[in-house]
Protein chains: 4
Amino acid sequence: MIGHGFMGAAHSQGWRVAPRFFDLSAQPEMTLLVGRDAARTEAAARKWGWEQTETDWRAAVARDDIDVVDIVTPGASHAEIAVAALEAGKHVLCEKPLANTLDEAEAMAAAADGAAGKAMVGFTYRRVPAASFARDLVQSGAIGEIRQVRAVYLQDWLVDPEAPLTWRLQKDAAGSGALGDLGAHAVDLAQFITGQKITAVSGTLNTFVHERPLLGEASGLAGTGTEERGPVTVDDLALFHSRFDGGAIGSFEATRMSTGRKNALRVEVAGSLGAVSFDLEKMNSLGFYDAGAPATRLGFTDIMVTEPEHPYMSAWWPTGHMLGYEHGFTHQVRDFVEAIAEGRQPEPSFADGLQVQKVLSGVERSAANESTWTKTES
Amino acid sequence: MIGHGFMGAAHSQGWRVAPRFFDLSAQPEMTLLVGRDAARTEAAARKWGWEQTETDWRAAVARDDIDVVDIVTPGASHAEIAVAALEAGKHVLCEKPLANTLDEAEAMAAAADGAAGKAMVGFTYRRVPAASFARDLVQSGAIGEIRQVRAVYLQDWLVDPEAPLTWRLQKDAAGSGALGDLGAHAVDLAQFITGQKITAVSGTLNTFVHERPLLGEASGLAGTGTEERGPVTVDDLALFHSRFDGGAIGSFEATRMSTGRKNALRVEVAGSLGAVSFDLEKMNSLGFYDAGAPATRLGFTDIMVTEPEHPYMSAWWPTGHMLGYEHGFTHQVRDFVEAIAEGRQPEPSFADGLQVQKVLSGVERSAANESTWTKTES
Amino acid sequence: MIGHGFMGAAHSQGWRVAPRFFDLSAQPEMTLLVGRDAARTEAAARKWGWEQTETDWRAAVARDDIDVVDIVTPGASHAEIAVAALEAGKHVLCEKPLANTLDEAEAMAAAADGAAGKAMVGFTYRRVPAASFARDLVQSGAIGEIRQVRAVYLQDWLVDPEAPLTWRLQKDAAGSGALGDLGAHAVDLAQFITGQKITAVSGTLNTFVHERPLLGEASGLAGTGTEERGPVTVDDLALFHSRFDGGAIGSFEATRMSTGRKNALRVEVAGSLGAVSFDLEKMNSLGFYDAGAPATRLGFTDIMVTEPEHPYMSAWWPTGHMLGYEHGFTHQVRDFVEAIAEGRQPEPSFADGLQVQKVLSGVERSAANESTWTKTES
Amino acid sequence: MIGHGFMGAAHSQGWRVAPRFFDLSAQPEMTLLVGRDAARTEAAARKWGWEQTETDWRAAVARDDIDVVDIVTPGASHAEIAVAALEAGKHVLCEKPLANTLDEAEAMAAAADGAAGKAMVGFTYRRVPAASFARDLVQSGAIGEIRQVRAVYLQDWLVDPEAPLTWRLQKDAAGSGALGDLGAHAVDLAQFITGQKITAVSGTLNTFVHERPLLGEASGLAGTGTEERGPVTVDDLALFHSRFDGGAIGSFEATRMSTGRKNALRVEVAGSLGAVSFDLEKMNSLGFYDAGAPATRLGFTDIMVTEPEHPYMSAWWPTGHMLGYEHGFTHQVRDFVEAIAEGRQPEPSFADGLQVQKVLSGVERSAANESTWTKTES
């Protein structure tokens, strides 16, 4: 595994736990953790159970005894590592978004295409059982012809103007703000559930707080009142509409400024025969509306997605016992390992990741075009 | 009262009930009901308690013993009646939307400006206590500087392609579809709660079902399988983004195609210090988030807006006893009558109604401009 | 109508509104309002639209032009008035609980039995469409054999120890506290929905705050800090278990001390094939669970009980438009008038009211028996 | 660890994961798994990561290199194993309920008292962050003087009369039914949050389905229509009221027959200043009502218990990322290991477990006393 931030903890948990609950066709070994800082990498490896450490990712790619490379670094380094790993014949799991630029994403998809190893991008929310079951329902025809998609991903950690200027708020490192970090999940989930691709967008990006306190020694300590400030160069709100290739129309919002909303990834899909409604903050449930029910019994059914018949659930606990955030990473390992073992292309592929990048890129181009706005005073 | 459809029943209930629960400064008398069809108007008058009937609205405007004209006809006739009534010195309450065209709305606002009588447009959802209290909270500064507005009005009565082609689906009579019928409420409520006006929009209109069964003798009876069909000439989905004059950014959706959603007018406003969240389907509650609460106690409070200290509530039942849809019409009568009695301009004024029309008109112009869309395959 | 407290306002609204929304077989005339204090009665009559007033209920009973007597006085006077009215050949609608004592209730039921007039007791929550529909579902067999009932009625207006000592807290006037005021509703609704009668109970009554400030001149004004206090002589919490004659087991709670709960009358009935779940604070919805659904689609459906096919709803607004508390009183008038017009016995009858009283009386006897308790340290 | 059923999987996950997220003062080693059947024990050990296996628990107790014994067998064997382990100087973690009989529970508490090792009983729901935070709030005085407790634990896996007759439905093996399995959790959680002990109870036990299909070779295969049936000898519903030593009154329900409810452990505690409301099916949230809020802002706040300031949460994910069922077992390991390392008595102690058993025993004695019931027809 290359990288050891927040995502490193989640991926490690996935690798460690998957073989304990699922009968995997191959047993993962947590061989090598790579990070730039030797001491911190060593500490992370000890905490998360990796056997060895390195400070250069090329060491991982060069080793013959390593079959799988898991990339959890910031997006700017994804392309270089992934392409090298694929060229070295490794299987690659890469955190989302696939890359910070469309060019890089295209290079990655090209590298994956025809590579000996399998490549998958880490849109883990597909692996929440309720999201996976939403797709099953929709693809089975349970809601008929798909018409509307309403997808929002709402967080609020930037509401406070004193929240510091981390790398996530700088365009060079992060590529974009709420759009790439949160919007990417909403777009992937919407395309996953509907089975339709977005072909056109119209949107706007906004930054409410333009300067924030710098972090680190150069800027003094937080809370001293003497901090220097630096410019926020990414969006904290992205709004866009979309057209899908199957005829559906979508409304999307990704924001770090929705006061009071902590992690509300909500996707509702309405069709000619019914609707499904997913909310990550109620991740063990799925709302399902059957328009064919008798008139007196119409309503959204709050399905607790914890029956053994639901996706992934037979491996876990009895009905009614909840899963949490990191279970998606365990399911991701299961799906990735099984696809490799069976010689199948895992999903979402790098091509799927590229498609999401194209949507995000389209939103950026649309947002740069001020002529999309019409004044109410004509 | 001119007109006697669904809105006529609601307004009649408002006129009848208001003096029973509120101490009004003037006592309404339900003198005259006007409708085109004498027999049906007579039946409605008997049912709803109007003393007399007429078939020509000019009769109402001409009578000296009538002080107030309440207009509940379809939008196409609003301007002519309202302007005549105002010129005759009457006070005028006019259902929303103010008019079907911007020109008519401007004529109405001009007539109201300087008229002897008072003029009010019927955005009754302002009078839901929870919506009114949301405005109070926001205007008191409880959520700080306003940043985001998310407003949707979701219905699903057009999901069935066999739903008939009523006047509401014809542009000549209705002006627009979901946009004017539902979007107007969302826009008014958003502007009311924030105290900000929308200055620019970017949006799209969509019609999913393009032909529907004709009603009436020409088309045969419903369900015979031999119906003629006619074209739907209005939108069944309107999506738009907005900029407010105070710096807020808004996302709006109005739809008659959101399968499973019956009357979901939801407005959430997020600010630098908190947020409010209103849902008409839970109309006796308001969500309120105070970002200044201790870290361990953060969360949306589900305020039951039934305390005597809440707007309008001291007139009604003890705490915890619910109000319903038509109470808004009773509150509207209260507010209208008191404004007249005190010589104040009631709100929302015709100028407020005109402002909403300008927003809707802007959305229509924006939607007609295909260049607002960006393709994801560049 | 005899009496003009809070219930008088609700009943008046029912009488006034019912003929405006329902096609009644007979038209109610609001002829005479009776109250002890002439001035206050006159004011109430003017406000609520009663034509005449009297200070002695015997005047109402004696008049030939009065066909219906509606009793909304405190429970202590129900029996005398109702029996006299029935003996005079009137139809009688009597607020719940039927009486303060079992003897009185039995006398009333006896008087109703064989009287020329019809007699009904006012358990209006039966007339909330969702509650009425719950009964329909259960009686249709949709949940199979009934096993469990969980019914609570939670309020919190006595949490504050400075809430004053009104007549409702004095056994002489009120009969009992939470038990008779709230528990009676829970018992009636449980028996109504299940169609089963409670045959045995085991319970406890509790009073948390034993003294409260006196009201009125003798005690000084509220908030002066010098109030006299008097003893609370009724329960503020009633808990009991029940056995139903059809084999179901029930759990009941009635409380004025459930901090934060304002008017939470909740009844859940579980059967061999499904369950229904009602909550008065979400009165336009009903939860329904169909145990026969496919394993992946199991869950409570949140039915919005606003379709024209639902009880009472065709008279009101389009789908998704909410009703409130007082609509139950309008429905009560409809049902009462129609039963009279058709010569049917309206429900709930005085016999039904007596049955509820027997349950409450059983709880009081059980609660007086300390030997029902078992110590955990044996 | 002794035993390897469903609880074995959960405990194994706790032992494996705790050192990865918490900085433990001692590192657990998963040395030995004990089960009666050698092959199945070996398979479980391999799956869950235990190094060695044995078929006799005495082997574990006898080994010097084992410091901690974790008992996850059915209740009937708890006492023998735990007492032996404590006498051998081991630290003991024992699943709930402590024992099937009061005598055994008392022997275990006596053994723990004065033993060199520490002993803890596994009421893991205390370790759900929202439950733990509920206790913190209540013990901090946030809801004032505690008055009412309403605790239910609702499941529905016995609704189907064809659900088989497992050991959990046989008194010899299981001790009791819903009472001990579910009621024990409700009692422990109620006592934990309130800090009060139950001193008296009044209750009833019920069995709705008296015979069920036998499992295993003697009875033929499930679904053949020729199954033999055997008697269910435990309750499937337990209802009881309680008195707490601090003056609170409680209402409890434990059921496996609440159709549609899968794992609904709900505890609401109402006090003079506020209330807390916990629901295991919404385990990442806690409802909190502050009666001291301004009148217009009263309501339950839906606190998402995922801030780093909440119990256990700083070890996990960012705000808004959910935990699941098995996290309680990880927290349990953390608390147990830290108590051992610091030489403290962990909680809940065997004495706490014994106290819960006394409550359950009291309910059984109360339920056996038919004279607690009062007939409604006197």
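If you scan the stretch A:142-176, which residues turn out to be away from every other protein chain (no Cβ under 14 Å) and part of a loop (DSSP other than H, G, I, E, B)? Even if it seems obvious, please write down each step before you answer.
As a first pass, look at the stretch A:142-176 and keep what is away from every other protein chain (no Cβ under 14 Å): A:164-165, A:167, A:169-176.
The answer is A:Pro164, A:Leu165, A:Gln170, A:Gly175, A:Ser176.
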Do we have B:Phe133 as part of a helix (DSSP H, G or I), in the same structural domain as B:Gly260 (by TED's automatic domain parsing), of a type in the set (A, V, I, L, M, F, W, C) and touching a His at 6+ places or on another chain (Cβ under 7 Å) here? yes
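Just one of C:Glu307, C:Glu281 is of a type in the set (Asp, Glu) and in contact with a strand residue (DSSP E or B) (Cβ under 9 Å, 6 or more places away or on another chain); which is it?
On the way: C:Glu307 fails: in contact with a strand residue (DSSP E or B) (Cβ under 9 Å, 6 or more places away or on another chain).
Criteria check complete, one pass: C:Glu281.
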Condition check: in contact (Cβ under 8 Å) with a residue 60 or more places away in the chain and outside the structural domain of C:Arg266 (by TED's automatic domain parsing). Does C:Leu102 satisfy that? yes
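A quick yes/no check of all residues on (1) farther than 24 Å from C:Phe123 by Cβ; (2) without any contact (Cβ under 8 Å) to a residue 60 or more places away in the chain:
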{"site": "C:Glu54", "(1), (2)": "yes, yes"}
{"site": "C:Val61", "(1), (2)": "no, yes"}
{"site": "C:Asp65", "(1), (2)": "yes, yes"}
{"site": "C:Asp70", "(1), (2)": "no, no"}
{"site": "C:Pro74", "(1), (2)": "no, no"}
{"site": "C:Ala79", "(1), (2)": "no, yes"}
{"site": "C:Ala85", "(1), (2)": "no, yes"}
{"site": "C:His91", "(1), (2)": "no, no"}
{"site": "C:Lys96", "(1), (2)": "no, no"}
The one condition C:Ala60 fails out of (1) modelled with pLDDT of 95 or more; (2) more than 12 Å from chain B (Cβ to nearest Cβ) is (1)
What number of residues within the stretch B:195-216 satisfy the criterion of being assigned to a loop (DSSP other than H, G, I, E, B) and either facing chain A (nearest Cβ under 7 Å) or not hydroxyl-bearing (Ser, Thr, Tyr) (or both)? 9
Inside the stretch C:279-327, can you point out the residues that are without any contact (Cβ under 8 Å) to a residue 60 or more places away in the chain, part of a strand (DSSP E or B) and more than 7 Å from every other protein chain (Cβ to nearest Cβ)? C:Asp279, C:Gly287
Output yes when any residue across the stretch A:236-251 is out of contact with any helix residue (DSSP H, G or I) (no Cβ under 8 Å at 6 or more places or on another chain), more than 11 Å from chain B (Cβ to nearest Cβ) and modelled with pLDDT of 95 or more, and no when none is. no
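Which one of A:Val333, A:Val363, A:Val356 is in a helix (DSSP H, G or I), crowded, with 20+ Cβ neighbours inside 10 Å and more than 14 Å from every other protein chain (Cβ to nearest Cβ)?
On the way: A:Val363 fails: more than 14 Å from every other protein chain (Cβ to nearest Cβ); A:Val356 fails: more than 14 Å from every other protein chain (Cβ to nearest Cβ).
Just a single option satisfies the conditions, and that option is A:Val333.
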Take the residues of the stretch D:254-278 that are within 15 Å of the chain's Cα centre (by Cα) and away from chain A (no Cβ under 14 Å): which is surrounded by the most Cβ atoms within 10 Å (Cβ to Cβ)? D:Ala254
If you take the residues in the stretch A:227-245 that are out of contact with any strand residue (DSSP E or B) (no Cβ under 6 Å at 6 or more places or on another chain) and not in a strand (DSSP E or B), which one is farthest from A:Gly180 (Cα to Cα)? A:Glu228
Any residue in the stretch A:339-351 that is away from chain D (no Cβ under 14 Å), within 24 Å of the chain's Cα centre (by Cα), crowded, with 24+ Cβ neighbours inside 10 Å and assigned to a helix (DSSP H, G or I)? yes
Could you look through the stretch D:129-141, keep only residues that are of a type in the set (S, T, N, Q) and touching a residue at least 12 places away in the same chain (Cβ under 8 Å), and pick out the one that is nearest to the other protein chains (Cβ to nearest Cβ)? D:Ser132
Quickly run through the stretch A:150-169 and pick out the residues that are buried (at least 24 other Cβ atoms within 10 Å of the Cβ) and over 18 Å from the mean Cα position of the chain (by Cα). A:Val159
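Please find, among D:Ala18, D:Ala9, the residue that is part of a helix (DSSP H, G or I) and within 11 Å of chain A (Cβ to nearest Cβ). First the steps, then the outcome.
Values: D:Ala18 fails: within 11 Å of chain A (Cβ to nearest Cβ).
After applying the criteria, what remains is D:Ala9.
What residue, of C:Tyr325, C:Tyr312, C:Tyr289, is buried (at least 19 other Cβ atoms within 10 Å of the Cβ) and in contact with a strand residue (DSSP E or B) (Cβ under 8 Å, 6 or more places away or on another chain)? Quick ask: steps written out before the conclusion?
Details: C:Tyr325 fails: in contact with a strand residue (DSSP E or B) (Cβ under 8 Å, 6 or more places away or on another chain); C:Tyr312 fails: in contact with a strand residue (DSSP E or B) (Cβ under 8 Å, 6 or more places away or on another chain).
Of the residues listed, the single one that is buried (at least 19 other Cβ atoms within 10 Å of the Cβ) and in contact with a strand residue (DSSP E or B) (Cβ under 8 Å, 6 or more places away or on another chain) is C:Tyr289.
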When you go through (1) in contact with a strand residue (DSSP E or B) (Cβ under 6 Å, 6 or more places away or on another chain); (2) under 30 Å from A:Ala44 (Cβ atoms) one by one for D:Pro318, which number turns out not to apply? (1)
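The values are calculated or read from the model by the stated rules, or taken from the named source; none is laboratory data. Keep in mind the model is a prediction, meaning the values are calculated, not measured. Please note: Cβ atoms are built from the backbone with ideal geometry, for glycine as well, and neighbour counts cover all protein chains shown.
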